[in-house]
Amino acid sequence: MKDPQPGQPRYNDHVPDRQRPPGYVSDIHEIVDRVFVYGTLRSGQAARSLIENHVVRAEPATIQGHIYAFPLGFPGLVDGDGVVQGEIMWLTDLAASLALLDAYEGEEFQRVLKKVHRQSGDEWAWCYILVDPSTVTLGERISDGDWIKYCATRG
C-alpha cells in the first residue's frame, strides 16, 4: 500500500500503524481492482483466456504461502512461510471480473485480500485460497512455489 503524497491527509490518520493479519483490509479504504493469480489463470496457462478481456495489465509478483498441485490439474494455495510465484493483474469491470473469477474458482476456494510483493513495492490484491486447508493431503506440494515450472517438468 502506498502512502499518500506529503501534505495529503489520510482517510483515517487516527488509526495507528500496526501489523495486520492476512486478509485484513488496508488502512486506506480503496476499491481493490487487483487479483493475484498463481496457477491456471497465469499468462500462457489454460484458463487465462477466461479473464483476458478484463485484464488491463499484469506483472510478475509473489505472495507468501504454499501451493499444492491436485490430480485434476489445478493448484491450491494455503497460508505458510514459503514463496509462491504468480502475477498481479489489474482488472476492468470489477463486478463482472470478480463474478467470473468466483464462478471459475468454485466452492473449494474463497477470495481474500492478501499482500502481494512486486519489484516496485507491495500491493493488496484479491487472491483465491483453499477453503479447507486440510485438502492439501490430496495434492502434491510444489516446493519452489511455481506452477508453471511444475507443469513444465510434468510434460
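Nothing in this text is a laboratory measurement; each read-out follows from the coordinates by a stated rule. It should be emphasised that the depicted structure is a prediction, and the values quoted were computed from it without experimental measurement. Note that we place each Cβ from the backbone using ideal geometry, even for glycine, and neighbour counts take in every protein chain shown.
Label zone of residue 100 (point 7 Å out along Cα→Cβ, amide N under 16 Å): in the stretch 36-59 this covers 36-37, 40-58.
Rounded to the nearest 20, the Cβ-based charge dipole of the stretch 34-154 about its Cα centre (Lys and Arg +1, Asp and Glu -1) stands at 280 debye. Karplus-derived 3J(HN,Hα) values for the stretch 138-148, using 6.51 cos²θ - 1.76 cosθ + 1.60 with θ = phi - 60°, are 8, x, 10, 5, 8, 4, 8, x, 10, 4, 5 Hz; glycine and proline are entered as x. Converting phi to 3J(HN,Hα) with the Karplus coefficients 6.51, -1.76 and 1.60 and the offset θ = phi - 60°, the stretch 65-80 yields x, 9, 10, 10, 8, 10, x, 7, x, 9, x, x, 9, 10, 4, x Hz in sequence order, with x at every glycine or proline. Amide H contacts of residue 146: 85, each under 5 Å away and 5 or more positions distant or on a separate chain (H built 1.01 Å from N in the peptide plane; Pro and chain starts excluded). Once you sort the root eigenvalues of the Cα gyration tensor of the stretch 84-155 as a ≥ b ≥ c, which label holds: rounded (a/c under 1.5), prolate (a/b larger than b/c) or oblate (the other case)? Cα axes put the stretch 84-155 in the oblate bin.
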